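Laboratory data are not the source of any read-out in this text; all were calculated from the coordinates shown. Everything quoted here is computed from the prediction, not taken from an experiment. Here the Cβ positions follow ideal geometry from the backbone for every residue, glycine too, while neighbour counts run over all protein chains shown.
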Amino acid sequence: WPILRKFKRKIDPSRYNGACLLGLNGTVIKSHGGAGIPAFKRAIEEAYLQVQKEVFMRVSDYLTAQLNHDVAE
């Protein structure tokens, strides 16, 4: 049972809610439609982390650099 409880905790959607999607002008966090309060809180926390880590700007800068490199060749 301890192994099953540990596994259930690992896949619990309320603990890992909030998929990060990169849009054209920013980051979007997609939450489960039936998410409860703890899951929705987790999605907001994920959005906060994405902003703090500047994920969108880092990816955008990387892609811009790659495109400029490809054009220069």
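What pairs come up if the first residue lies in the stretch 54-73 and is within 18 Å of residue 23 (Cβ to Cβ), the second is of a type in the set (Gly, Ala, Ser), and their beta carbons are under 6 Å apart, counting only those six or more places apart or on different chains?
Partner pairs satisfying both residue conditions: 56/26.
Need pairs with beta-carbon distance below 6 Å; first residue over 16 Å from residue 52 (Cα atoms) and within the stretch 6-30, second surrounded by 14 or more Cβ atoms within 10 Å (Cβ to Cβ); sequence gap 6+ or separate chains.
Correct list of pairs: 13/32; 14/39; 17/31; 17/32; 17/35; 17/39; 17/42; 17/43.
To keep it simple, each residue is scored yes or no on (1) surrounded by 10 or more Cβ atoms within 10 Å (Cβ to Cβ); (2) not acidic (Asp, Glu).
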{"position": "14", "(1), (2)": "yes, yes"}
{"position": "19", "(1), (2)": "yes, yes"}
{"position": "23", "(1), (2)": "no, yes"}
{"position": "28", "(1), (2)": "yes, yes"}
{"position": "34", "(1), (2)": "no, yes"}
{"position": "39", "(1), (2)": "yes, yes"}
{"position": "46", "(1), (2)": "yes, no"}
{"position": "58", "(1), (2)": "yes, yes"}
